[in-house]
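Undergrad: Sharing a structure here in structure tokens format.
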Amino acid sequence: MDRDKKNEEIHVYDGIVEHDNFLPRWWLAILYGSIAFAFGYFMHYTFGPGATIQEQYDTAVREYEVAKAQAAVVTAGGPGSDPAAREQMLLAWAKDAGHRSQGKAVYEGKCAVCHGSLGQGGIGPNLTDDYWIHGSRHIEMAQVISEGVGDKGMPPWGALLKDDELKSVVAHVRSLHGTNPPGSKAPQGEKVTFE
């Protein structure tokens, strides 16, 4: 039966008229195209060269481990790096207004939620006073930012921050010392003397 005759067939059931029309061709093209794509997708990832879910997971874990190792190098200052030289380099960054400004932008995006927009403390400790829980040296700050403090709820930022961002955050945090913002959290940790 050709298309025109098929369209002319009319059925009536209980007073309801049913026209036997064809589906639009664009709709059928989408349907058949979706079926073909699904079949190809299934074949590619089930029997073909496509990565399985386990392979994708393993790749993501490897990438994370590489990023974590790079963050450890950033914190330590590189293989064979002298900690005193790393401390001096971080101190120089802390004195540079451009680096402090970059660090402030990163701090506001990632750290202010817990430490307060002015470093006054909140969920996290006050960063403006003379009392520090994990050490006040620049290299110790970099290590805490990079590795986090799991038992205190601070996430490790080393895998998410570039080397210059991490150093800039240290510079900004160091610049907060002594600002005494309103609503500062009570001191925590040991009293330290800054350089």
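Only the coordinates and a few stated rules stand behind these numbers; no lab work does. Every value quoted in this text rests on a predicted model; they were computed, and no experiment measured them. Using ideal geometry, Cβ is built from the backbone for each residue, glycine included, and neighbour counts are taken over all protein chains shown.
Undergrad: Using Cβ contacts closer than 10 Å as the measure, can you line up THR128, THR193 from fewest to most?
TA: Lowest count first: THR193, THR128.
Undergrad: Then there's this: Based only on other Cβ atoms within 10 Å, what is the fewest-to-most ordering of MET154, MET141?
TA: MET154, MET141
Undergrad: Helix 25-46 versus the longest principal axis of the chain: what is the Cα-based angle in degrees, 0 to 90, to the nearest 10?
TA: 50 degrees
Undergrad: Continuing with this model, one more query. Average the reciprocal distances over every distinct pair of alpha-carbons in the chain, invert the result, and give the Kirkwood radius in Å.
TA: So the Kirkwood estimate lands at 21.6 Å.
Undergrad: When the Cα centres of the stretch 104-163 and the stretch 15-41 are compared, how far apart do they sit, in Å?
TA: The distance from the Cα centre of the stretch 104-163 to that of the stretch 15-41 comes to 57 Å.
Undergrad: Sticking with this structure for a sec: Report the longest stretch of the chain that contains none of the chymotrypsin sites (Phe, Trp or Tyr not before Pro) sitting in a DSSP loop with at most 14 other Cβ atoms within 10 Å.
TA: Between exposed loop sites, the widest span is 48-193.
Undergrad: VAL66 label point, 7 Å along Cα→Cβ, cut-off 15 Å on backbone N: hits in the stretch 131-171?
TA: 159-160
Undergrad: Moving on to the next point. Say the cut-off is 20 Å between C-alpha atoms; which of LYS167/LYS191; LYS110/LYS191; LYS68/LYS191; LYS95/LYS191; LYS68/LYS110 go over it?
TA: Among LYS167/LYS191; LYS110/LYS191; LYS68/LYS191; LYS95/LYS191; LYS68/LYS110, the Cα-Cα distance tops 20 Å for LYS167/LYS191; LYS110/LYS191; LYS68/LYS191; LYS95/LYS191.
Undergrad: Using amide H atoms built 1.01 Å from N in the peptide plane, name the residues 5+ places from VAL149, or on other chains, whose amide H lies under 5 Å from its own.
TA: Amide H to amide H, under 5 Å and 5 or more residues apart or across chains, VAL149 pairs with MET154.
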